[in-house]
Every structure is written in structure tokens, then in C-alpha cells.
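Here's the structure we're looking at; comments come further down.
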Amino acid sequence: MNVPNRLTLFRMILVPFIVLFMLPIPGVPVWNAFIATKAAKIIALVLFCLASLSDFLDGQIARRKKLITNMGKFLDPIADKLLVITVLVAFVELNRISTYVVLIVLAREFAVTGLRLLAVEQNVVIAASYWGKAKTLSQMIAIIWLLLEPVIFVDFANYAVFQFIGTVLIIISTALALISGIDYLVKNRKFLTEH
């Protein structure tokens, strides 16, 4: 297994640990008291930033060293989906974002993944598009902002302004999820019509 694919797997492994430091565990009061502290929120933020960095690095290394593989093209989007959707669900649990955000993102991901599976049947791997990369980047930025809110921004007098910015970032990333999903479906509609 090459380095980019190892970085992708590393990103997937980090996901449960990020959520562990974001959400309380029923019946574990000691852990839940820790989760309420700034230290736990900083750990979740650092872990998410590491996961996001691995996403950037695996693509850079794969392109620079010509290590792009079908496994990488397949695993990388799955790792991105796992990371983003899991953390977004955690934010729903924390009452920070609407359930509708997760539903829209999930619908988009199911549609694109289904399309990719149809393409694989014809030995075609659909790589991430420009819109897909923009969607992923916007989601990473929005999530990092939301993770920063209780760590840094909460100490500012105009905290509501920072929360509003976070909400706008989530709206932008959700809009890009829709646009990129439509873009994938339109550009690859031949795989839909051939079945």
C-alpha cells in the first residue's frame, strides 16, 4: 500500500476519536465532565485538523509522485464522506446545526456513490471533480470554524457574530454539496441511462 492510501486510512481511523472528544457517552459521568472542558474541544479540533491535513497531503503526494491508483480514487472520497458526515451528525447532536444539513449532504453522497458504482460496473472510476473538491474544502473550513467556536470565539463579547459566520459557512458548504452532486449527475448521466 502506498503512502497516499495509508494517509487515507489514517484519516478514517481518526474519525471515531474525533467524535469521542465531541460527544458525551451515556452513563459515563467522568468522561462527560471532561467532554465539557475546553481541553476536550481542543483535542477534537486538533484531530480534525490532522484528518483534514491528511486529505490535502494524500492528494499532493499522489499527484507529485504519480501514485494515483484506483484504490486511492475509491478510498479517498469514502474517507472524506466518513469524516465529514460523522462530524456533522455530532454537531446535530450538539444542537449546533440543522438535521437538514446532514440530510442534504447524505442524499448527495448516496447519489454520487451510486453513480460511481454504476460506473465501476463498466470499469470506469469517476474521480473527484472541481466542484467535488470545492465542496470538500468548504466543508472542512466550516467544520474547523464550528470546532473553533467553543475553543476561541466563545470568549469574545460578540460571540453571536462568530456563530452567525459559522452558520453561513455551513450554508455555503451545503449549497456546494448540492451543486457538485448535480454536476456529477449531469456529466455522468450516461451511466444512468445505460441501466
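General observations
- Subset of region 168-195 that is of a type in the set (Val, Ile, Thr) and without any contact (Cβ under 8 Å) to a residue 12 or more places away in the chain - its residue that is nearest to residue 112 (Cα to Cα): 182
So that you can scan it fast, the table gives a plain yes or no per residue for (1) surrounded by fewer than 16 Cβ atoms within 10 Å (Cβ to Cβ); (2) more than 23 Å from residue 79 (Cβ to Cβ):
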{"site": "121", "(1), (2)": "yes, no"}
{"site": "124", "(1), (2)": "yes, no"}
{"site": "139", "(1), (2)": "no, no"}
{"site": "146", "(1), (2)": "no, no"}
{"site": "155", "(1), (2)": "yes, yes"}
{"site": "187", "(1), (2)": "yes, no"}
{"site": "190", "(1), (2)": "yes, yes"}
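- Residue among 85, 68 that is farther than 15 Å from residue 167 by Cα, part of a loop (DSSP other than H, G, I, E, B) and not small (Gly, Ala, Ser): 68
- Scan of region 167-185 for residues that are more than 18 Å from residue 87 (Cβ to Cβ), among the small types (Gly, Ala, Ser) and buried (at least 17 other Cβ atoms within 10 Å of the Cβ), ordered by number: 180, 181
- Residue check for residue 106: surrounded by fewer than 19 Cβ atoms within 10 Å (Cβ to Cβ), closer than 23 Å to residue 173 by Cα and over 16 Å from the mean Cα position of the chain (by Cα): no
- Qualifying residue in region 47-60 (condition: more than 22 Å from residue 130 (Cβ to Cβ), surrounded by fewer than 18 Cβ atoms within 10 Å (Cβ to Cβ), in contact with a Leu (Cβ under 9 Å, 6 or more places away or on another chain) and without any contact (Cβ under 8 Å) to a residue 40 or more places away in the chain): yes
- Among the residues listed as 63, 96, the single one being charged (D, E, K, R), surrounded by fewer than 20 Cβ atoms within 10 Å (Cβ to Cβ) and assigned to a loop (DSSP other than H, G, I, E, B): 96
A short reminder: the numbers here are calculations on the coordinates, not readings from a lab. The structure presented is a predicted model; accordingly, all values stated were derived computationally and were not measured. Reconstructed Cβ throughout: ideal geometry from the backbone, glycine too, with neighbour counts over all protein chains shown.
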